[in-house]
1. As a footprinting exposure proxy, order 84, 47 by other Cβ within 10 Å, with the fewest listed first.
2. Test of understanding: express the Cα radius of gyration of the range 24-125 as a ratio to 2.2 N^0.38 Å, with N the residue count.
3. In which sequence would 106, 26 go, from the one with the fewest C-beta neighbours within 10 Å to the one with the most?
4. For the range 24-125, what relative contact order do you get, as a whole percent, if you take Cα pairs closer than 8 Å and at least 6 residues apart?
5. Got a sec? How would 79, 107, 73 order by Cβ neighbour count within 10 Å, fewest to most?
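Read-outs throughout are calculated quantities, based only on the coordinates presented, and are distinct from any laboratory measurement. Since this is a predicted model, take the numbers as computed values, not measurements. Positions of Cβ are backbone-derived with ideal geometry, glycine not excepted, and every protein chain shown enters the neighbour counts.
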């Protein structure tokens with residue numbers, strides 16, 4: 001009987017938590033998901049400038065944490081992105097959430113002429 005409860009608990013956990021393991025946003029250098037790609041996980045932020053990447057910091061969202069990655073090679077190089085179900089990607093024109101903002105909970109094969117090669121910061125939330 002104990003084995004049945006254990007199996008049921010494992011099955012229930014897999015039903016509730018599979019998305020969190022796969023919850024990602026992936027940015028791409030070129031349209032149609034081409035060129036280099038970078039995967040951002042839940043509450044992972046990329047500032048596309050020089051800086052010291054931070055580990056887990058409090059994000060104010062239920063005691064979780066947010067990671068900030070600094071990667072200047074991505075500055076003004078995002079042309080498409082994929083967003084997994086349940087996730088939202090936000091792009092900002094300038095670092096520190098400055099300038100125009102592009103937010104989406106769906107994938108884009110091309111961000112459009114207005115946003116092509118304009119992003120300097122990205123945040124994935126799932």
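1. Taking fewest neighbouring Cβ atoms as first place, the list is 84, 47.
2. Dividing the Cα Rg of the range 24-125 by 2.2 N^0.38 Å gives 0.99.
3. Fewest-to-most ranking of 106, 26: 106, 26.
4. Numbers: 271 pairs, mean separation 34.0, N = 102.
Taking the mean separation of contacting Cα pairs over the length of the range 24-125, I get 33 percent.
5. 73, 107, 79
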